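The values are calculated or read from the model by the stated rules, or taken from the named source; none is laboratory data. Not measured: the values here are computed from a predicted model. Glycine gets a Cβ as well: all are built from the backbone with ideal geometry, and neighbour counts include every protein chain shown. These accessible areas exclude ligands, DNA and RNA; they are computed on the full protein's heavy atoms, side chains included. Shrake-Rupley method; radii C 1.70, N 1.55, O 1.52, S 1.80 Å.
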Amino acid sequence: AMDALATEVSTLSDPLTADELRNAPVLNACIHESWRCDPPVAGSFRKAVKELQHKGYSFGAGSVFNYSILMATTDEQLYKSHEKFEMRRFLPKEHPLYSSDIDSGIDPFQGRSSYPIFGGGTHVCLGKAFAQLELRVLAARLLKGYKVEVRNPEKVYFPVNGWNIEFKLTKRKSM
């Protein structure tokens, strides 16, 4: 993934453009997979505005529900090999690195229950587009200027969900 990402980023113009970043398939697949593996928020709450029925259960108006982004993004029925970082699951089918054996069929731009990183529908995060653009710019500039070596890529779950990871950055030679 890192080689494909560095290769794609090296072809981007300077200065970067929003359209170019939005249409960089490997960059976007890596970002979506990063958020799937380690969402910035573990979950959220919703409140029923009217009485509702679901699978034989009744819920009154005002009932509060918690939904777990962590559970949605690690559902083995939705994400094959969910415990692995696999950016190919979010590549377009026409991309040469695409693999149907890992494809989840989930469009992360939709923000549905299967990929609720920024919420969805009327509850979508107001900062979603800005956060996506900022991470694209950061990743592209970082990878254009530096070779990134990942050291100790160990996920830790206690005391908080996160990574015990180190990076070595080596400045790329100017062309």
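Are there any GluC sites (Glu not before Pro) in the stretch 1-91 that are in a DSSP loop and have at most 11 other Cβ atoms within 10 Å? List them by number. Let's see the in-between values first.
Numbers: sites: Glu8, Glu20, Glu33, Glu51, Glu76, Glu83, Glu86; in loops: Glu51, Glu76, Glu83, Glu86.
For GluC sites (Glu not before Pro) across the stretch 1-91 that sit outside H, G, I, E and B with at most 11 neighbouring Cβ atoms in 10 Å, the list reads Glu51, Glu76, Glu83.
Evaluate the relative contact order of the chain (contact order divided by residue number), counting alpha-carbon pairs under 8 angstrom at least 6 apart; express in whole percent. Can you show the working numbers first?
Numbers: 229 pairs, mean separation 33.6, N = 175.
For the chain, the relative contact order is 19 percent.
Sum -39500 (n - 2.57) across every DSSP H segment of at least 4 residues in the chain, then divide by the residue count to get the 222 nm mean residue ellipticity, nearest 500.
Numbers: 5 runs with 49 residues, N = 175.
Rounded to the nearest 500, it is -8000 deg cm²/dmol.
Could you check how much of the accessible area of the chain is carbon and sulfur, as a whole percent, using a 1.4 Å probe? It would help to have the intermediate numbers written out before the result.
Values: 6630 of 11520 Å².
Using a 1.4 Å probe with all protein chains present, the chain comes out at 58 percent carbon and sulfur.
Among the lysines, select those whose C-alpha is under 19 Å from the C-alpha of Lys93, and discard any that sit fewer than 8 residues away in the same chain.
Result set, ordered by chain and number: Lys80.
Calculate the translational D of the chain in whole µm² s⁻¹ from Stokes-Einstein, where the hydrodynamic radius comes from the Kirkwood formula applied to all Cα pairs, the temperature is 25 °C and the viscosity 0.890 mPa s. Each step should come with its number before you reach the end.
Values: Rh = 18.2 Å.
Calculated translational D: 135 µm²/s.
Which one, Pro92, Pro116, Ser81, is farthest towards the positive end of the dipole of the chain when Lys and Arg carry +1 and Asp and Glu -1 on their Cβ?
Result: Pro116, furthest along the dipole toward the positive end.
With a bin width of 5 angstrom, please list the P(r) values of the stretch 1-95 as percents of all Cα-Cα pairs, from the 0 bin to the one holding the largest distance.
2, 11, 15, 16, 13, 12, 10, 8, 6, 4, 2, 0
At a Förster radius of 45 Å, what calculated FRET efficiency corresponds to the Cβ-Cβ distance of Leu133 and Ser58, to the nearest 0.05? Spell out each step's value before the answer.
On the way: r = 43 Å, r/R0 = 0.95.
Computed FRET efficiency for Leu133 and Ser58: 0.55.
Of all trypsin sites (Lys or Arg not before Pro) in the stretch 44-97, which ones are in loop regions per DSSP and have a Cβ with at most 11 other Cβ atoms within 10 Å? Each step should come with its number before you reach the end.
Working: sites: Arg46, Lys47, Lys50, Lys55, Lys80, Lys84, Arg88, Arg89, Lys93; in loops: Lys50, Lys55, Lys80, Lys84, Lys93.
Listed in order of number, the matching sites are Lys50, Lys55, Lys84, Lys93.
Just the accessible area per residue of the stretch 1-99, please: how many Å² with a 1.4 Å probe? Could you put the intermediate results ahead of the total?
Working: 6060 Å² over 99 residues.
Per residue, the stretch 1-99 has 61 Å² of solvent-accessible surface.
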